[in-house]
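What follows is one structure encoded as structure tokens, with my remarks underneath.
The values are calculated or read from the model by the stated rules, or taken from the named source; none is laboratory data. Model, not experiment: these values are computed from the prediction. For neighbour counting, all protein chains shown are included, and Cβ atoms are generated from backbone atoms with ideal geometry for every residue, glycine included. Side chains are part of the model used for accessible areas, which takes the heavy atoms of the whole protein and leaves out ligands, DNA and RNA. Shrake-Rupley method; radii C 1.70, N 1.55, O 1.52, S 1.80 Å.
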Amino acid sequence: MVGMAAHAAAALEAEEEAGVSGLVCPTPLGSYRYRKRKGNGASLMLDVDVFPLAVTREMDSWKEQSQRERRWFSLPDAASVVDESDLRDLIRSFGPAEFKTAANRKGVLATVAQKSKVSPMFAWFQRLLPRTGNFFELFEAHAVAIGAGADALSRLLQDGTRAAADHIREVIEREHDADDINREMLLTVRRTFLTPFDRGAITSLIGAMDDSIDEMQSAVQAIDLYEVTSFTSEMKDMAAIIVDAARLTAEAMPLLRDVGRNGTRLHELTERMVRMESQADEIHTRGVKRAFKEMGATDTLGFIVSREVYKHLERIVDAFEEVANEIDGIVIDHA
């Protein structure tokens, strides 16, 4: 679509073809190539970028409703009905389903106990072992809070005044949940004899994760304080990046249970988070510059408020980049 960014065009297509809307991340998941037959009989090779869209609304009616059936799929089922092999791979790689085995695997001692049928004796033996803590469960719970906060933030920026108070309240509540988890993690580090990683790595990672949702809270509080009701396309693009960064964080946490086996995938996730941060910087600069041109001479207060919102959105993405850096440090030390 001439004059429209690729991710915005993709979101418009989703609205027209499937009747869904939401914020679309401007950083593509990847691309694939396929041959398309045109109405004039020509069969041409096309390159297609694929963007993640966080759906917040399903429409009752939409442009191409009579031409299509809307149906939700699990990722494996979606991949199975797609013809293009590269697109199948992109769909499969989108979610953490293939890593559930790593997330749910049993420890070596538990496996031995089960296979040798010595559960009562094993339970007695376990009580003699030093505490090892529930670090992975806490990391995963914190990632859930971050994801919920990011979703609420995206709904706020997309909907404007509609249900704004509820979206703001949810972000703040999720930040409080994350604080509780963070405190529990620090207590667990202090009282645990054996930790899966260096204590400094654990506290640094949970700290970086906590910074991301702290900044989400700061963002919605600024929006509430200054009564911001309309948001630019650049702000929405940054919110979409935040949603996808939260998704990647949630996928990464279970993989930390077996860094040796999952090191490659963890690196792929962190590499994407770093790329998104770079793109967010460009969007931030472009948005602030546009706000200055439009409001700098006539609405100084409006420009200051807009810049404040951009600042908090940028800090959220920066915090996710720090999460990626902390994960990379763990991979380097343990993979």
* Test result for residue 56, more than 25 Å from residue 236 (Cβ to Cβ), modelled with pLDDT under 90 and hydroxyl-bearing (Ser, Thr, Tyr) -> no
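Table: residues versus (1) at pLDDT below 95; (2) within 20 Å of residue 233 (Cβ to Cβ).
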| residue | (1), (2) |
| --- | --- |
| 258 | yes, no |
| 311 | no, yes |
| 321 | no, no |
| 329 | no, no |
* Has the stretch 268-277 got at least one residue that is among the hydrophobic types (A, V, I, L, M, F, W, C) and in contact with a Phe, Trp or Tyr (Cβ under 7 Å, 6 or more places away or on another chain)? -> yes
* Could you please let me know if residue 259 is of a type in the set (A, V, I, L, M, F, W, C), touching a strand residue (DSSP E or B) at 6+ places or on another chain (Cβ under 6 Å) and either in a helix (DSSP H, G or I) or more than 26 Å from residue 181 (Cα to Cα) (or both)? => no
* To do: Give just the number: which of (1) more than 17 Å from the chain's Cα centre (by Cα); (2) open to solvent by 40 Å² or more (accessible area, probe 1.4 Å); (3) more than 29 Å from residue 162 (Cα to Cα) does residue 275 not satisfy?
  => (1)
* Any idea how many residues of the stretch 133-163 are of a type in the set (D, E, K, R) and farther than 19 Å from residue 252 by Cα? -> 3
* To do: Pull up the stretch 198-227, narrow it to residues that are surrounded by fewer than 22 Cβ atoms within 10 Å (Cβ to Cβ) and of a type in the set (A, V, I, L, M), then point me to the one that is nearest to residue 285 (Cα to Cα).
  => 222
* Can you name the residue in the stretch 233-271 that is open to solvent by 20 Å² or more (accessible area, probe 1.4 Å) and hydroxyl-bearing (Ser, Thr, Tyr) and, of all such residues, is nearest to residue 330 (Cα to Cα)? -> 264
